[in-house]
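S.K.: Below are the structure tokens for one structure; questions will follow.
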Amino acid sequence: MLGLQILIDGFAISALYALGATGFTLIFGVSGVLNLSHGALMVTAAVIAWAASGNLGAGSYLGAACGIAASLVLALATYGGIVRPIQQTQAIRNEEREIFILTATLLWGIVIQEVVAYVFTSNAKTVLPIVAGVVEVLGVRTPRNEIFTACICWVAIGLLWLLVNRTRAGKAVLAASMNPRGVTLLGIELSGIYIAVWAIYGLLAGIAGVLLGMFLGVSSYSVGPLTASAFSIVVLGGLGSVSGSLIAAYVVGYLETLTAYLVSPAYRAIPALLLLVAVMYVRPRGLLGRL
């Protein structure tokens, strides 16, 4: 029974990681940015959803929408207020921009974390689930919300795939990730593509954060582990590779679930980080390399 429970729980948490990592990989693939405030966006979405649905009595659906909207706003603020000014300034040399962006987004994430802790306290919070009750799966009682979480994650990933591969705007995003200069020669503004990609990222991070808050609960202390997990996933899968990130999300998700059940939840992130170090030595490009 324990093995089946790990299988079910691991699938749900891996789907959450896959959703969050997909957005993380998307902005790196298109704009070349590793956003180290990723965990802060997810936590903010969950906390806002908790506050709106519980404290303000907005209900689970409206509360979830408020959380996702908060993540969207923060994502656009991260790009417009942190990333873009660094990319455009002439005071920083081109070869130093990446480290400045990494540092700036890391500090921005810490600022968000401290604001969340100050306004809402650092206590763990669980978002009011949209789907209540439990269901029995092969003899294992599983919350319906857990199955709902996995389904919503894969629906969102599927819709993103359709957007990127079956629409004109999505093909422009793909082209920008492969040849930004070629896109500008076609008369397409890169700034508009970047804003759209960051908006999509904010929505994906918000959905993942709200669902995580319903599934496991979050606190301001979750910011670091969530960012570390996302970073581990995109590096393990291969920077810029969406399919690699999806595979890596399940590797990391199941490693963390196994550690939480068999060792201690406090150490759940350690095996994935050790695996990341090993992969960087053996295969620096990750599982599928960079697109």
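The values are calculated or read from the model by the stated rules, or taken from the named source; none is laboratory data. The model shown is predicted, which means the values in this text are computed figures rather than measured ones. With ideal geometry, Cβ positions are generated from the backbone for all residues, glycine too; neighbour counts draw on all protein chains shown. Areas reflect the complete protein model, heavy atoms only, side chains present, ligands, DNA and RNA absent. Shrake-Rupley method; radii C 1.70, N 1.55, O 1.52, S 1.80 Å.
S.K.: Is there any pair linking a residue in the range 138-151 that is at pLDDT below 80 to one that is in a helix (DSSP H, G or I) and open to solvent by less than 60 Å² (accessible area, probe 1.4 Å), with Cβ under 8 Å and at least six apart or on different chains, and which?
M.R.: Sorted first by the residue in the range 138-151, then by its partner, the pairs are L138/L4; G139/L4; V140/L4; V140/Q5; V140/I8.
S.K.: Next question. Could you tell me whether the range 58-76 includes any residue that is assigned to a helix (DSSP H, G or I), of a type in the set (S, T, Y), closer than 23 Å to I152 by Cβ and open to solvent by 10 Å² or more (accessible area, probe 1.4 Å)? Steps first, please.
M.R.: Going residue by residue through the range 58-76, those that are assigned to a helix (DSSP H, G or I) are 59-76.
Next, from what is left, pick out any that are of a type in the set (S, T, Y): 60-61, 71.
Now restrict to residues that are closer than 23 Å to I152 by Cβ: 60-61, 71.
Retained after the next criterion (residues that are open to solvent by 10 Å² or more (accessible area, probe 1.4 Å)): 60-61.
There is at least one residue in the range 58-76 that is assigned to a helix (DSSP H, G or I), of a type in the set (S, T, Y), closer than 23 Å to I152 by Cβ and open to solvent by 10 Å² or more (accessible area, probe 1.4 Å).
S.K.: Follow-up. Which of the residues belonging to the range 86-101 are within 23 Å of the chain's Cα centre (by Cα) and open to solvent by 40 Å² or more (accessible area, probe 1.4 Å)?
M.R.: Across the range 86-101, the qualifying residues are Q87, E98, I99, F100.
S.K.: Which count do you get for residues in the range 136-154 that are assigned to a helix (DSSP H, G or I), out of contact with any Phe, Trp or Tyr (no Cβ under 8 Å at 6 or more places or on another chain) and open to solvent by less than 20 Å² (accessible area, probe 1.4 Å)? Step through it out loud before you land on a result.
M.R.: Looking only at the range 136-154, we keep the residues that are assigned to a helix (DSSP H, G or I), and these are 144-154.
Checking the rest, the ones that are also out of contact with any Phe, Trp or Tyr (no Cβ under 8 Å at 6 or more places or on another chain) come to 144, 147-148, 151-154.
Keeping just the survivors that are open to solvent by less than 20 Å² (accessible area, probe 1.4 Å) gives 153.
Qualifying residue count for the region: 1.
S.K.: All but one of (1) farther than 19 Å from S37 by Cα; (2) open to solvent by 50 Å² or more (accessible area, probe 1.4 Å); (3) aliphatic (A, V, I, L, M); (4) not in a loop (DSSP other than H, G, I, E, B) hold for L107, so report the exception by its number.
M.R.: Result: L107 fails condition (1) only.
S.K.: Moving on. Report the residue count in the range 200-210 for those that are touching a helix residue (DSSP H, G or I) at 6+ places or on another chain (Cβ under 6 Å) and open to solvent by 20 Å² or more (accessible area, probe 1.4 Å). I'd like the intermediate steps shown before the answer.
M.R.: Step one: of the range 200-210, the residues touching a helix residue (DSSP H, G or I) at 6+ places or on another chain (Cβ under 6 Å) are 201-210.
After this cut, where a residue has to be open to solvent by 20 Å² or more (accessible area, probe 1.4 Å) as well, the list is 203, 207.
Within the range 200-210, residues that are touching a helix residue (DSSP H, G or I) at 6+ places or on another chain (Cβ under 6 Å) and open to solvent by 20 Å² or more (accessible area, probe 1.4 Å) number 2.
S.K.: Mind telling me which of the residues G213, G224 ends up being crowded, with 19+ Cβ neighbours inside 10 Å, in a helix (DSSP H, G or I), out of contact with any Asp or Glu (no Cβ under 6 Å at 6 or more places or on another chain) and touching a residue at least 12 places away in the same chain (Cβ under 8 Å)? Spell out the reasoning first.
M.R.: Values: G224 fails: crowded, with 19+ Cβ neighbours inside 10 Å.
Exactly one residue qualifies, and that residue is G213.
S.K.: Here is a follow-up. Could you please give the count of residues in the range 155-192 that are closer than 24 Å to L16 by Cα, of a type in the set (A, V, I, L, M) and either open to solvent by 70 Å² or more (accessible area, probe 1.4 Å) or modelled with pLDDT of 80 or more (or both)?
M.R.: 9
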